[in-house]
1. Specify the inter-centroid distance of the range 1-53 and the range 134-190, based on alpha-carbon positions, in whole Å.
2. Students often get this wrong, so check it: of 16/111; 16/77; 51/140; 59/193, which have C-alpha atoms separated by over 32 Å?
3. Could you work out which residue, out of 73, 182, 153, moves most in a Gaussian network model of the chain, that is, has the largest mean-square fluctuation with Cα springs under 10 Å?
4. What is the set of long-range amide H partners of residue 30 at a cut-off below 5 Å, with H atoms built 1.01 Å from backbone N?
5. Out of residues 5 or more away from residue 63 or on other chains, whose amide H comes under 5 Å of its own, with H placed 1.01 Å from N in the peptide plane?
6. Please give the calculated 222 nm ellipticity per residue for the chain, where each DSSP H segment of at least 4 residues contributes -39500 (n - 2.57) and the sum is spread over every residue; nearest 500 deg cm²/dmol?
7. Taking 0.36 nm per intervening residue step and subtracting the Cα-Cα distance, what contour gain separates residue 196 from residue 86 on full extension?
8. Give the residue from 5, 161, 195 lying farthest towards the positive end of the charge dipole for the chain; charges sit on Cβ (+1 for Lys and Arg, -1 for Asp and Glu) and the dipole is referred to the Cα centre.
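Read the figures in this text as sums done on the coordinates, not as results from a lab. None of these values were measured; they are calculated from a predicted model. As a convention, Cβ positions derive from the backbone with ideal geometry for all residues, glycine included, and neighbour counts pool all protein chains shown.
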Amino acid sequence: MFLPQIYPITDPRITKLSHAEQVKRLVGGGAKFVQLREKYASPKEFYKQAKEVLEIARKNDVKIIINDRVDIALALKADGVHLGQDDLPPERARKILGEKAIIGFSTHSLKQAAEAVKLPIDYLAIGPVFETKTKVKPDKIVGIEGVKIVREAIGNFPLVAIGGITLQNFREVLDAGANSAAIISDLLSQPDKITKKMKEIMLSHFHFF
């Protein structure tokens, strides 16, 4: 499975932009894998916006992961879903979406991560690594040490680190063993600079690796 080392996630509350506009700007900066996260719009509105995103993505060979909403991912034939601890169980999502769908799953502790690798998922996320403001009730911070511990426990299983990751600290997260660093606020907080920041982080990532 293709898992980018930089994993952008959309957030209309931060940008005041539609998901489609955010994706356009992220793709302009080199993104090839984007998660659409929508916590406030109605299912109908999110479906409408995600449909527009999928049209952009397919023209640019970009994979789109839908946060939480298995129904919307199925209806639009998105590339997959990202599920939280309180969402539809991954086993059910796999039966609904099929073997080719990418399924990611959020974990917030070593215990949850160890259980997650037994599920029919393609990657697991651990976090929040650092303090984050994109969640109303964030889970306890796991820190860089938490990423290292989870990596050791799950072997080579694909691991995404999330929560408070920035252009300044994403290298630490990858050094700690994450395959991918999910970045939200630091990419989106200045909407007019999304493309520029994405290009910068891709270039920085390129030089780093």
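1. The two parts, judged by their Cα centres, are 19 Å apart.
2. 16/111; 51/140
3. It is 153.
4. none
5. Amide H neighbours of residue 63, under 5 Å, 5+ apart: 33, 34.
6. -12000 deg cm²/dmol
7. On the way: separation 110, 0.36 × 110 = 39.60 nm, distance 3.50 nm.
Stretched fully, the residue 196-residue 86 segment lengthens by 36.1 nm.
8. Comparing the listed Cα positions along the dipole, 195 ranks first.
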